[in-house]
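Report on the following structure.
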Amino acid sequence: MNVLFITLDQFRGDSYGAAGHPLVRTPTLDRIASEGVRLERHFSQSAPCAPGRAALYTGTYQMNNRVVANGTPLPSGLDNIALVARRAGFNPTLFGYTDQGLDPGRAEGLDDPRLDYYDGILPGFSVGLYLPESQAGWVQYLRAKGYEVQDGWIPLLIGEPDRPAEDSLSGFLTNRFVEWLGDQESGWFAHLSYLRPHPPYTAAGEFSTMYDPADVELPVAPVDKELRHPIHEYSLSITWRAAPTDVDKMRHIRAQYYGMISEIDFQLGRVVEAIEARGEWQDTLVVITSDHGEQLGDHGLIEKLGFFPQSYHVLGLWRDPRSAWAGHCVSAFTENVDLLPTLCDALSVGPSAQSDGRSLSALMAGETVEWRTAAHYEWDYRGDWIRQSTSGWSADQRVTGKNLAVSVSDDVSYVQFGDGSFRCFDLQADPTWRTECRDSDRVLAAAQEQLVWRQDHLRNDLTDMLLGFQRKGRWPAPFIPASSPRVPIPATAP
């Protein structure tokens, strides 16, 4: 069995053919959906990249892993997808990036250079291709082919339309994976972590003209100013978060975003072809998701932020050739934290006691199971205040309230802010999140659901044990990193 674990950065859950998008062409994703299971209402658990990936890789909510920003270190005591793969006998190999900062407790002194950047490699991965934020390997590749390119990832990506897709960032990653694959025996595990369709909104080569801006739909407009929550109003005041008010500019952004998606789909087609050429497609488990979504102009915003679902509803595909689930669509609420325990199931590895998610195996098989009635995600925006603070990160306790948590059910969405304010949107009356629910009973029920969710997911990796009461094998063993220090135990315990 091979495992192909793919992340497509900033990929909205509604923006591909199998999800019903009327314009975007994604034949490869559609094929994988038809051969596997599509998770229709699948959500990431946080944004931006590092928080979203911390939840995905460790199967834990932000309230437990506490990775709140790009640059927050990932605690070393957490299990993760790469370590699970190793316990299953694989050598998990990364192509791209994982954006997980080093736990300072694992640093080799204060001068350890790994403390200077957030885009570190998740512990447990071998490296087939590492693409840090500088995209250094791609820069060298482009210059070797005669391109004049500037340093810096934004200028590099802005120049994508001027180069053929074969030399795109996504193409470069795909080339390296295909080369690596040619040297592997069966039984490989690869994590392909593509940056696109992450901004800047510029598709590569011919994909930059694939969609006519006149054909794209316009975004959901924001509510009137007097109805906006202060964090929504604040976000609209920030240049890089506010969507263009010019209709033509907004249509252009959307057309480029869809072009990036089609180019990624093309590159995934090359990946599938390479695996098929080895005769291994029917022996390969494929998992595809994203770290978070993209506002794409909805509610007046671009990028990923806030409480609206466009930033958290992501694609979710699971293709296991050993199953009989082909073409099945799961409409229940599923989350990225579910993927780690599901992978443990698929690889016959014991689940991590830390996991906040649940295995999707029974749900994907079409069995009737008790399941969550809402999806959940969190956003911490203390970074905006810390950058402006003169008192320092740890000294300014006011930043601890700069966060929110969201519960999305069939009929309402409830947003609890750290300052005590809240919003509850009536999704039955208006699925666009612009009409507040005025029924106090429904609001109370939604607030209680979120409170119970928090209580139900208090960190419990050691909680369900009683030393001296249960014997070895009677409980799931906690994950302990191989590098964790061991404290000597006295010969005679008190």
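The values are calculated or read from the model by the stated rules, or taken from the named source; none is laboratory data. All values reported here derive from a predicted model rather than from experimental measurement. Don't worry about glycine lacking a Cβ; one is built from the backbone with ideal geometry, like all the others, and counts go over all protein chains shown.
It is to be established whether one or more residues within region 33-56 are of a type in the set (Asp, Glu), in contact with a strand residue (DSSP E or B) (Cβ under 8 Å, 6 or more places away or on another chain) and part of a loop (DSSP other than H, G, I, E, B).
no
From the list ASP151, ASP111, exactly one residue is more than 29 Å from THR400 (Cα to Cα), surrounded by fewer than 18 Cβ atoms within 10 Å (Cβ to Cβ) and at pLDDT below 95. Which is it?
Only one candidate passes the filter, namely ASP151.
Cβ-Cβ below 6 Å, separation at least six or inter-chain, first residue in region 183-201 and over 16 Å from PHE95 (Cα atoms), second of a type in the set (D, E, K, R) and part of a loop (DSSP other than H, G, I, E, B): which pairs?
If the second residue must be of a type in the set (D, E, K, R) and part of a loop (DSSP other than H, G, I, E, B), the pairs left are HIS198/ASP9.
Going by the structure shown, is LEU296 closer than 26 Å to PRO22 by Cα, among the aliphatic types (A, V, I, L, M) and part of a loop (DSSP other than H, G, I, E, B)?
So LEU296 fits the description; yes.
Residue check, ARG12 against (1) under 30 Å from LEU458 (Cβ atoms); (2) within 17 Å of the chain's Cα centre (by Cα); (3) of a type outside the set (Ser, Thr, Tyr), all met but one. Which one?
Single failed check for ARG12: (1).
Kindly indicate the residue of region 39-61 that is more than 26 Å from LEU102 (Cα to Cα) and touching a Gly at 6+ places or on another chain (Cβ under 7 Å) and also surrounded by the fewest Cβ atoms within 10 Å (Cβ to Cβ) among those meeting that condition.
HIS42
Taking helices (runs of 4 or more DSSP H) that fall entirely within region 305-413, which contain at least 3 residues that are touching a helix residue (DSSP H, G or I) at 6+ places or on another chain (Cβ under 7 Å) and modelled with pLDDT under 95?
382-386
Out of contact with any Lys or Arg (no Cβ under 6 Å at 6 or more places or on another chain), modelled with pLDDT of 95 or more and either of a type in the set (A, V, I, L, M, F, W, C) or at negative phi (or both): which single residue out of ARG471, ARG454, ARG459 fits that description?
Answer to the check: ARG454.
Starting from residues that are in a loop (DSSP other than H, G, I, E, B) and more than 18 Å from SER311 (Cβ to Cβ), keep the ones in region 190-216 and report whichever is farthest from the chain's Cα centre (by Cα).
ASP212
Name the residue, out of VAL178, VAL223, that is touching a helix residue (DSSP H, G or I) at 6+ places or on another chain (Cβ under 6 Å) and either touching a residue at least 60 places away in the same chain (Cβ under 8 Å) or in a loop (DSSP other than H, G, I, E, B) (or both).
Only one candidate passes the filter, namely VAL178.
If only one of LEU110, LEU78, LEU94 is of a type in the set (A, V, I, L, M) and in a strand (DSSP E or B), which one is it?
The unique qualifying residue is LEU94.
Residue under question is HIS252, and the condition is that it be on the phi > 0 side of the Ramachandran plot, of a type outside the set (Lys, Arg) and part of a helix (DSSP H, G or I); does it hold?
no
In this structure, does ILE231 turn out to be within 30 Å of TRP188 (Cβ to Cβ) and β-branched (Val, Ile, Thr)?
When the stated conditions are applied, ILE231 does not pass them.
Given the structure, is TYR257 assigned to a helix (DSSP H, G or I), in contact (Cβ under 8 Å) with a residue 24 or more places away in the chain and closer than 30 Å to LYS402 by Cβ?
It is true that TYR257 is assigned to a helix (DSSP H, G or I), in contact (Cβ under 8 Å) with a residue 24 or more places away in the chain and closer than 30 Å to LYS402 by Cβ.
Filter region 414-450 for residues that are under 20 Å from TRP379 (Cα atoms) and part of a loop (DSSP other than H, G, I, E, B) and give the result.
GLY418, ASP419, GLY420, SER421, THR432, TRP433, ARG434
Does LEU296 count as modelled with pLDDT of 95 or more, crowded, with 21+ Cβ neighbours inside 10 Å and under 30 Å from ALA242 (Cα atoms)?
Spelling it out, LEU296 is indeed modelled with pLDDT of 95 or more, crowded, with 21+ Cβ neighbours inside 10 Å and under 30 Å from ALA242 (Cα atoms).
Would you pick out the residues in region 299-339 that are out of contact with any Ser or Thr (no Cβ under 6 Å at 6 or more places or on another chain), crowded, with 22+ Cβ neighbours inside 10 Å and among the hydroxyl-bearing types (Ser, Thr, Tyr)?
SER311, THR334
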